[in-house]
């Protein structure tokens, strides 16, 4: 499988980035042109993740982590949030009871669109009654709502 990074050139046409990219783009275009009727060609594309959005997401998690009362390890907090947001696999545990395993949100695993969807689900989970009551068990619901709004608003 070949990878190619493309961009729109000054002439408005798509081009491969760099010498290697130009060759890979030309090879892809040739393969498309030479397709016979009924033949197939599979390709995938990936929208690079926005570094600024990535940083804001993790800054948001850090801010909520710093204000919550349950977790001492930020990585455990992040995994709990991912599971709560549904970004996990459910597997049978050692004794058959289901166990949620967080999926990777590594840079190369999620493109910008997928990461934005994940971020929205994380925000939704952090606003949930379940999350608020767990993170701040001694805070009244209305105060917890106001607190999470104050924590999240700068990141939305």
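The values are calculated or read from the model by the stated rules, or taken from the named source; none is laboratory data. No experiment lies behind these values; they were computed from the predicted model shown. Don't worry about glycine lacking a Cβ; one is built from the backbone with ideal geometry, like all the others, and counts go over all protein chains shown.
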**Report entry** Subset of the range 124-151 [under 18 Å from residue 59 (Cβ atoms) and surrounded by 18 or more Cβ atoms within 10 Å (Cβ to Cβ)]
**Finding:** 125, 126, 135, 148
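Is it the case, given these coordinates, that residue 66 is surrounded by fewer than 13 Cβ atoms within 10 Å (Cβ to Cβ) and in contact with a strand residue (DSSP E or B) (Cβ under 6 Å, 6 or more places away or on another chain)? Write out each step before concluding.
Values: surrounded by fewer than 13 Cβ atoms within 10 Å (Cβ to Cβ): yes; in contact with a strand residue (DSSP E or B) (Cβ under 6 Å, 6 or more places away or on another chain): no.
No: the conditions fail for residue 66.
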Report summary line: The helices (runs of 4 or more DSSP H) lying wholly within the range 59-156 that contain at least 1 residues that are under 30 Å from residue 45 (Cβ atoms) and touching a residue at least 24 places away in the same chain (Cβ under 8 Å) are 74-84, 112-126
Query raised in the report: Can you name the condition, by its number, that residue 93 falls short on among (1) within 27 Å of residue 50 (Cα to Cα); (2) in contact with a strand residue (DSSP E or B) (Cβ under 6 Å, 6 or more places away or on another chain)?
Result: (1)
Query raised in the report: In this structure, is residue 29 farther than 30 Å from residue 137 by Cα and not in a loop (DSSP other than H, G, I, E, B)?
Result: yes
Requested in this report: Answer yes if at least one residue in the range 12-31 is in contact with a strand residue (DSSP E or B) (Cβ under 9 Å, 6 or more places away or on another chain) and assigned by TED's automatic domain parsing to the domain that holds residue 123, and no otherwise.
Outcome: no
Query - Options 38, 84, 96; residue that is assigned by TED's automatic domain parsing to the domain that holds residue 135 and more than 23 Å from residue 155 (Cα to Cα) - result: 96
